[in-house]
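Participant: A single structure is presented below for examination.
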Amino acid sequence: MLKRILIPLVIAIITLPAGASESLAGPLTFTRSIGFKNTLGTIDHTVDFNSFAGDALFQNGKLDAGPITLSSTGASHNSLNKIEVSPFRFEIIAPSHTPFAALYLETSATGTTTATMSFDVPIIGFGATFRALQRDTVISYTTATGSKTIVPGITNRFFGFILEPAEFISSLTFSAPVANGFGIDNILLANAIIPSAAAATVDEPNSLVLMLMGVLGLGWLLRKTRKAC
């Protein structure tokens with residue numbers, strides 16, 4: 001009877017699928033800053049553009065904004081791809097009335113306009129407050145495992161993401177198939193590996209050994225109990 005119980009259990013454990021171990025799946029996306037901050041634990045840099053006293057362009061060029069550098073390629077439109085300061089020309093993406101980055105994206109017969117954000121130190125977490133972000137906007141980046149994309153969707157609030165454990169990025173690029181002007185502000189960056197991410201990953205071979213030892217221990221206990229009876 002004991003063998004009939006133990007043998008199927010051992011076979012089931014040995015044949016567990018490779019993805020059976022727990023892990024922090026990624027990238028994780030967030031639409032609230034509180035969840036983003038709590039998951040990371042530490043925010044290394046905040047960029048609010050409030051140090052800019054006048055409009056600053058990054059149309060087909062580069063603009064140093066502290067821990068990040070903004071740049072764009074392709075045709076610009078209505079003086080976008082710049083840091084906007086009061087008095088604002090684009091009120092729809094300036095409800096807070098403080099300086100922000102205004103981006104313009106488009107893919108058309110005349111070419112593609114993209115905006116890139118480069119980081120002084122590679123990051124594992126990125127979040128920001130967006131204004132008038134359109135559905136077709138795509139955020140792309142490259143890690144050690146290849147190129148990836150995220151589509152935030154239409155939003156007038158916070159959006160952020162955290163990469164998979166042990167992955168870092170040095171830049172991200174915004175692009176869109178149609179004309180899209182939007183604002184971005186209060187950028188949050190995290191450079192350190194998340195302690196909870198490392199703790200959430202269980203080494204699968206070790207977990208199998210522990211489970212197998214538990215089953216064998218249960219069998220020994222049952223046999224000892226039967227002999228005592």
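Participant: For a bin width of 5 Å, list the pair-distance distribution of the stretch 21-174 built from all Cα-Cα distances, rounded to whole %.
Facilitator: Here the calculated profile for the stretch 21-174 is 2, 8, 17, 21, 23, 15, 8, 3, 1, 0, 0.
Participant: Sticking with this structure for a sec: In nm, to one decimal, how far is the modelled label at Thr98 from the one at Asn50, with both set 7 Å along Cα→Cβ?
Facilitator: Going from the Thr98 label point to the Asn50 one covers 0.4 nm.
Participant: A follow-up question, please. Measure off 7 Å from each Cα along the Cα-to-Cβ vector at Ile154 and Asp64, then give the distance between these two points in nanometres to one decimal.
Facilitator: Between Ile154 and Asp64, the simple spin-label model gives 4.1 nm.
Participant: Just order 162-173, 99-110, 141-152, 54-65 by mean Cβ neighbour count inside 10 Å, highest at the front, would you? Write down the numbers at each step before the final one.
Facilitator: Values: 162-173: 18.1, 99-110: 20.3, 141-152: 13.2, 54-65: 14.9.
Highest-to-lowest ranking by the protection proxy: 99-110, 162-173, 54-65, 141-152.
Participant: Taking a 1.4 Å probe, which of Glu84, Glu91 shows the most accessible area, and what order do the others take after it?
Facilitator: The ordering from most to least exposed comes out as Glu91, Glu84.
Participant: Could you work out how far apart the two model spin labels at Ala75 and Asn38 are, taking each label as a point 7 Å from the Cα in the direction of the beta carbon, and quote it in nm?
Facilitator: Inter-label distance under the simple model: 4.7 nm.
Participant: While we're looking at this one, here's another question. Treating the beta-carbon of each Lys and Arg as +1 and of each Asp and Glu as -1, no other charges, what is the dipole magnitude of the stretch 68-153 about its Cα centre, to the nearest 20 debye?
Facilitator: Dipole of the stretch 68-153, to the nearest 20 debye: 80 debye.
Participant: Which value, in Å², gives the accessible area per residue of the stretch 47-142 when a 1.4 Å probe is used on the protein heavy atoms? Could you put the intermediate results ahead of the total?
Facilitator: On the way: 4200 Å² over 96 residues.
Result: 44 Å² per residue.
Participant: Could you grab the relative contact order for the stretch 25-121? Cα pairs under 8 Å, six or more apart, rounded to a whole percent.
Facilitator: 26 percent
The values are calculated or read from the model by the stated rules, or taken from the named source; none is laboratory data. Just so we're clear, the structure is a prediction, and the values are computed from it rather than from any experiment. Reconstructed Cβ throughout: ideal geometry from the backbone, glycine too, with neighbour counts over all protein chains shown. Side chains are part of the model used for accessible areas, which takes the heavy atoms of the whole protein and leaves out ligands, DNA and RNA. Shrake-Rupley method; radii C 1.70, N 1.55, O 1.52, S 1.80 Å.
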